[in-house]
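The values are calculated or read from the model by the stated rules, or taken from the named source; none is laboratory data. These figures come from a predicted structure and were not determined experimentally. For neighbour counting, all protein chains shown are included, and Cβ atoms are generated from backbone atoms with ideal geometry for every residue, glycine included. Please note that ligands, DNA and RNA were not included when accessible areas were found on the heavy atoms of the full protein model with its side chains. Shrake-Rupley method; radii C 1.70, N 1.55, O 1.52, S 1.80 Å.
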Amino acid sequence: MGMMSGGTATSRAYSFAVYVMIFVLGVVQGVIGSFQYSQTPVPLIAILLDVIIFATCVLCCWGTMTFSGALAPAAGWLLASFYLSMGTHQGSVIITNTAAGKWYLYGGALAVVASLLANFVLWLRAKIPSPLPPR
């Protein structure tokens with residue numbers, strides 16, 4: 001019985017570490033994207049960064065086999081990106097109110113929501129049994 005509880009504790013610690021790491025992955029993508037969104041070609045880099053966070057959320061959900069796997073990088077990206085878009089009392093802002101900044105910030109937020117919806121639909125389809133018998 002002691003081995004069971006030890007294995008469960010190890011499994012929980014491992015799962016916690018995985019979710020922390022993919023949360024940090026989302027934060028890192030948000031920080032890097034916040035400084036790189038305005039590289040040339042201007043709107044395309046911002047859109048590419050949005051596609052990357054979408055793919056990260058979908059793949060993390062698939063890799064962990066849980067919906068929380070998509071929420072962790074999404075939360076990290078949202079926290080980092082929106083925090084860096086806020087102004088300071090000196091007036092400096094990292095994500096500016098330009099077309100590229102809007103594409104990055106709002107497009108990324110939409111990409112995160114779209115990835116969560118896509119993952120939700122994929123999980124529903126996987127959970128609903130097929131009405132047709134296998135051939």
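Some values worked out for this structure:
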read-out: Of all accessible heavy-atom area on the stretch 15-68, the percent that carbon and sulfur account for (1.4 Å); value: 83
read-out: Rg(Cα) / (2.2 N^0.38 Å) computed for the stretch 59-135, rounded to two decimals; value: 1.56
read-out: Sequence-separation-based contact order of the chain, relative, with Cα cut under 8 Å and 6+ spacing, percent; value: 30
read-out: GNM flexibility winner over the chain from Thr96, Thr66, Thr40 (Cα, springs under 10 Å); value: Thr40
read-out: Per DSSP, loop chymotrypsin sites (Phe, Trp or Tyr not before Pro) in the stretch 17-68 with at most 15 further Cβ within 10 Å; value: Phe67
